[in-house]
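Okay, structure first, notes after.
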Amino acid sequence: MEKQLLETGEIVSTHGIHGEVKILPWADAPDFLLQFKTLYLNGKPYEVEASRVHKTCVLAKLRGVDTPEKATLLRGQTVSVDREGLTLPEGTVFIADLIGCRVLDDDGAEIGRIKDVLTMPSSDVYVIEGEKRYMIPSVKEFVREINVAEGFVRVHLIEGMATDEN
C-alpha cells in the first residue's frame, strides 16, 4: 500500500511579511519536516528555501511564495513529501501505508481493512471496517504482524474490540 508521496501536514496560516507558511505537521515531531528540500502541495513541488520549528509547527519559506498574499492562497492545502531516501526506525511504518491494508485474525481470516489510525496518548488505535467495526490498540499484545509489502496486518482479537457500528 506504499504511496510515493506521503501526506505529512497542512498549511494552517501564514507567518511574517516574506510569505512564510505555517505547517501543522502530522508527524511524531515537527522537526521531521526540516529534512526535506522539496514539499508537495496537491502534487506540485515547491522548493524549500528555509524552514524551522516554531512551537508545535514548522515555518517554511517556499520558492516563489514571497508575499503574505501568495502564502494565504496556500492555506488549507495538504503538505506531502517524497518517500524516496526516507528510512524509518526498525519496526515502524508510515500511517499512510497502513490505510487500506487487509486485517487478518489469528486464524488468517480477513476481518476487514484499516480505515483510519487514531493517534492516542498511550498508543495508536487501528480502526478496522468489515462486517463489524473494530478498534484495536497498536501494541504487541494485539498486533502480531505488520506486512506493508504484502498489504496486511495480523491481529489478536479479544472481546470488546468489535463495536456495534459498521
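Quick one: which strands (runs of 3 or more DSSP E) lie wholly within the range 123-165 and hold at least 1 residues that are among the acidic types (D, E)? Spell out the reasoning first.
Working: elements: 124-129, 133-137, 143-147, 152-155.
In the range 123-165, the matching strands (runs of 3 or more DSSP E) lie at 124-129, 143-147.
If you take the residues in the range 14-58 that are buried (at least 19 other Cβ atoms within 10 Å of the Cβ) and among the aliphatic types (A, V, I, L, M), which one is farthest from the chain's Cα centre (by Cα)?
Out of the qualifying residues, it is V21.
Tell me the residue from G64, G112, G91, G76 that is at pLDDT below 95 and small (G, A, S), please.
Details: G64 fails: at pLDDT below 95; G112 fails: at pLDDT below 95; G76 fails: at pLDDT below 95.
Only one candidate passes the filter, namely G91.
I'd like to verify a number: residues in the range 1-35 that are outside any helix (DSSP H, G or I), aliphatic (A, V, I, L, M) and touching a residue at least 40 places away in the same chain (Cβ under 8 Å), how many?
Result for the range 1-35: 8.
Okay, residues lined up against (1) in the same structural domain as S51 (by TED's automatic domain parsing); (2) of a type in the set (A, V, I, L, M); (3) surrounded by fewer than 16 Cβ atoms within 10 Å (Cβ to Cβ); (4) over 30 Å from T38 (Cα atoms):
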{"position": "A71", "(1), (2), (3), (4)": "yes, yes, no, no"}
{"position": "C101", "(1), (2), (3), (4)": "no, no, no, no"}
{"position": "G108", "(1), (2), (3), (4)": "no, no, yes, yes"}
{"position": "T119", "(1), (2), (3), (4)": "no, no, yes, no"}
{"position": "R133", "(1), (2), (3), (4)": "no, no, no, yes"}
{"position": "E150", "(1), (2), (3), (4)": "no, no, yes, no"}
{"position": "V155", "(1), (2), (3), (4)": "no, yes, no, yes"}
{"position": "I158", "(1), (2), (3), (4)": "no, yes, yes, yes"}
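The values are calculated or read from the model by the stated rules, or taken from the named source; none is laboratory data. This one's a predicted model, so the numbers in the text were calculated from it and none came from an experiment. All Cβ positions, glycine included, derive from the backbone under ideal geometry; neighbour counts span all protein chains shown.
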